[in-house]
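Visitor: First the structure, which I've put down as structure tokens, then a few questions once you've had a look.
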């Protein structure tokens, strides 16, 4: 285990040196900051993996990106190599104690231009504590409005696997919604509930919110089921489904245990290449609007 961690450290240092020595080809940048909520109340569909790797890819191609970690598990913070112990100021302090967002945002150590608003276990109690707060659904939006988001090209909000108050805050805080859908049986199960929640948020709290992107994840080209699910999703959602699909990849699963995105952990892996292609699609689509 010690040797593995040592190897990972060497790999990270090599990656950082390589990245600092050259800048990847820049992609088009949006005319204004895109605030994108990444949500699906179904667990295990790749929300955090998608948030982290899209953010890393965009930052490596010239964008300035902020990841807001709204999941009490703090997995996005872990994958970005950001400290998120219980005593570290986090998004909990912003939502519950009105701490300015600027006081908790920190740079990700591996990638220039990538920043994180970390989450820690304190956030686990936020669902209950938010109930008694004034404007409980809009506290993240208020924090974002008070923060200079225009210094970023993208703000990506990673959500927990539920439709509780944290996810509602993310939906109210975002202008766009990206839904990761896994290419497996029951992929569309529960998605209707998410869409109904989005419609309620649009009607009462955030009229500018729109489902802008669907990303197919965990695609296994060896199975007929994956192809059928992908076809069903494309028929149902049309052009908002990205052409790129994210394959099942061991490297994608391994990367967070070393405090990295797969983009820095193994840039040549199928997962890293797929997330980079998906991020490129998002950047070019956003610039064309």
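No value in this document is a laboratory result; all are computed from the given coordinates. This is a predicted model, so every value here is computed, not measured. Here the Cβ positions follow ideal geometry from the backbone for every residue, glycine too, while neighbour counts run over all protein chains shown.
Visitor: Against the globular-protein guess of 2.2 N^0.38 Å, express the Cα radius of gyration of the chain as a ratio, rounded to two decimals.
Guide: This ratio for the chain stands at 0.95.
Visitor: Then there is this: How much length is gained if the chain between residue 208 and residue 124 is pulled fully straight, taking 0.36 nm per residue apart and subtracting their Cα-Cα distance, in nm to one decimal?
Guide: Difference between extended and current length: 27.4 nm.
Visitor: Just to confirm my numbers, what's the Cα centroid distance between segment 69-137 and segment 208-240 in Å?
Guide: Value for the Cα centre distance between the two parts: 30 Å.
Visitor: Which order do the peptides 257-268, 132-143 take when ranked by the mean count of other beta-carbon atoms within 10 Å per residue, highest first?
Guide: 257-268, 132-143
Visitor: A follow-up question, please. Label residue 239 and residue 106 with points 7 Å out from Cα along Cα→Cβ: what is the distance between them in nm?
Guide: Roughly 4.3 nm, to one decimal.
Visitor: Decide, for segment 23-127, between rounded, prolate and oblate: order the square roots of the alpha carbon gyration tensor eigenvalues as a ≥ b ≥ c, take rounded if a/c falls under 1.5, and otherwise choose prolate if a/b is larger than b/c, else oblate.
Guide: Cα axes put segment 23-127 in the prolate bin.
Visitor: Follow-up. Using all Cα-Cα distances in segment 218-276, what percent lands in each 5 angstrom bin from 0 up to the longest?
Guide: 4, 19, 23, 18, 15, 13, 7, 1
Visitor: Over the chain, with a Gaussian network built from C-alpha contacts below 10 Å, which listed residue (81, 62, 125) shows the highest mean-square fluctuation?
Guide: For the chain, modelled as a Gaussian network with Cα springs under 10 Å, the answer is 125.
Visitor: Could you work out the helix-only [θ] at 222 nm for the chain, with each DSSP H run of four or more residues adding -39,500 (n - 2.57) and the total divided by the number of residues, to the nearest 500 deg cm²/dmol?
Guide: Helices in the chain give a 222 nm mean residue ellipticity of -12500 deg cm²/dmol.
Visitor: In nm, what is the difference between 0.36 nm times the number of residues separating residue 195 and residue 250 and their Cα-Cα distance?
Guide: Here the answer is 16.7 nm.
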